[in-house]
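The values are calculated or read from the model by the stated rules, or taken from the named source; none is laboratory data. No experiment lies behind these values; they were computed from the predicted model shown. Using ideal geometry, Cβ is built from the backbone for each residue, glycine included, and neighbour counts are taken over all protein chains shown. Accessible surface is based on the protein model in full, side chains and every heavy atom, while ligands, DNA and RNA are left aside. Shrake-Rupley method; radii C 1.70, N 1.55, O 1.52, S 1.80 Å.
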Amino acid sequence: QHIINIFDACISRFESLRSMPKIKHVIVFKNEGGKAGASVSHSHTQIIALPILPPKVEEEANAYAKYRIEHVNCPYCDIIEKEKKSSRLIWEDENIFVLSPYASESPYGAWFIPKRHIATFSELTHKEKESLATALKIILAKLDQLGISYNYFFENAVNHEDYHTHIKLYPRPNIWAGLELGTGIIINPVSPEEAAKEYRKQS
């Protein structure tokens, strides 16, 4: 219930901020641990409203739109369908699907995808929030057990366009070095199948 209360507070601020004039993007995120950039010791979630659309967000929105045009279906709905029996599946119930993505930029990366196609996390029902809270608690408990810092953030529709909201989790067990910073090519030594197997032990 405490996690659901946090969701509700974030949703309230998200809706308020994105309705302000000149605000182009609002991001809700959490930094946990020193390697994840947490600057204060107590647990907290952050929300920032920006007057610009960040390049990364615009790039992903364009990729989503391109997939929609080429395949008709939503890419995240297709991911749920294709990964149902995959060894990358971590956890699911009737509302939420959690998997270790095929090409995660970080070891033990995970995506939390509502099974219902909704554009923003503001549209989550109470039952969906309960499922999401349960899934987060299971996954983050494993990272706490391993002593791994992490970031996670909500990805939502920028305006009111078609989209499929989800949470992306980026654990931070290692530090990017010259190759990553100099080329943008990321080395992830943990396969998604192995990451999912570790998480399933927790659930």
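Please compute the length gained on full extension between S41 and E105, using 0.36 nm multiplied by the number of residues separating them and subtracting their Cα-Cα distance.
Length difference between fully extended and current span is 20.5 nm.
May I ask you to derive the relative contact order of the range 6-102, considering only C-alpha pairs under 8 Å and at least 6 residues apart, and to give it as an integer percent?
With pairs under 8 Å counted, the relative contact order is 17 percent.
Carbon and sulfur atoms: what percent of the 1.4 Å accessible area of the chain do they account for?
56
Contact order normalised by length for the chain, with contacts defined as Cα pairs under 8 Å and 6 or more residues apart; what percent is it?
Rounded, it is 24 percent for the chain.
Using the C-alpha gyration tensor of the chain, what are the square roots of 5 times its eigenvalues, in whole angstrom, with the largest one first?
In descending order, the three semi-axes are 24, 21, 20 Å.
Per 5 Å bin, what percent of the C-alpha pairs of the range 96-166 does each bin hold, from zero upward?
It works out to 3, 15, 24, 24, 18, 11, 4, 1, in whole percents.
Using Cβ-Cβ distances only, list the Cys residues of the chain with no partner cysteine under 4.7 Å, sorted by number.
Cysteines lacking a close Cβ partner in the chain: C10.
Quick check: pseudo-label points 7 Å beyond the Cα along Cα→Cβ at E161 and C74, how many nm apart are they?
So the label points at E161 and C74 sit 1.5 nm apart.
Is the C-alpha gyration tensor of the range 1-111 telling us rounded, prolate or oblate? Criteria: a/c under 1.5 is rounded; beyond that, a/b larger than b/c is prolate, otherwise oblate.
It comes out oblate by the Cα gyration axes.
Using amide H atoms built 1.01 Å from N in the peptide plane, name the residues 5+ places from I96, or on other chains, whose amide H lies under 5 Å from its own.
Amide H neighbours of I96, under 5 Å, 5+ apart: K115.
Excluding ligands, DNA and RNA, what is the solvent-accessible area per residue of the chain at a probe of 1.4 Å, expressed in Å²?
Using a 1.4 Å probe on heavy atoms only, each residue of the chain averages 54 Å².
Loop only by DSSP, 12 or fewer other Cβ within 10 Å of the Cβ. Give me the chymotrypsin sites (Phe, Trp or Tyr not before Pro) in the range 1-83 that pass, ordered by residue number.
For chymotrypsin sites (Phe, Trp or Tyr not before Pro) across the range 1-83 that sit outside H, G, I, E and B with at most 12 neighbouring Cβ atoms in 10 Å, the list is empty.
Do you know the relative contact order of the range 55-123, to the nearest whole percent, from alpha carbon pairs under 8 angstrom that are 6+ apart?
Relative contact order here is 20 percent.
Residues with beta-carbon under 14 Å from that of Y64, excluding Y64: net charge, scoring Lys, Arg +1 and Asp, Glu -1?
-4
From the residues A141, C74, V57, which one has its Cα farthest along the dipole of the range 51-171 in the positive direction, the dipole being from +1 and -1 charges on Cβ of Lys/Arg and Asp/Glu about the Cα centre?
Looking along the dipole axis, the top candidate is A141.
Report the gain in length on full extension from I4 to E180: 0.36 nm times residue separation, minus Cα-Cα distance, nm rounded to one decimal.
Stretched fully, the I4-E180 segment lengthens by 59.8 nm.
Per Stokes-Einstein, at 37 °C and 0.692 mPa s, what whole-number D in µm² s⁻¹ belongs to the range 47-133, with the Kirkwood radius over Cα pairs as the hydrodynamic radius?
224
Trypsin sites (Lys or Arg not before Pro), restricted to the range 43-125: which are DSSP loop and have at most 13 other Cβ atoms within 10 Å?
Answer by residue number: K84, K85.
Can you compute the FRET efficiency between S19 and E193 using 1/(1 + (r/R0)^6), with r the Cβ-Cβ distance and R0 = 41 Å? Round to the nearest 0.05.
Working from the Cβ atoms, E equals 0.45.
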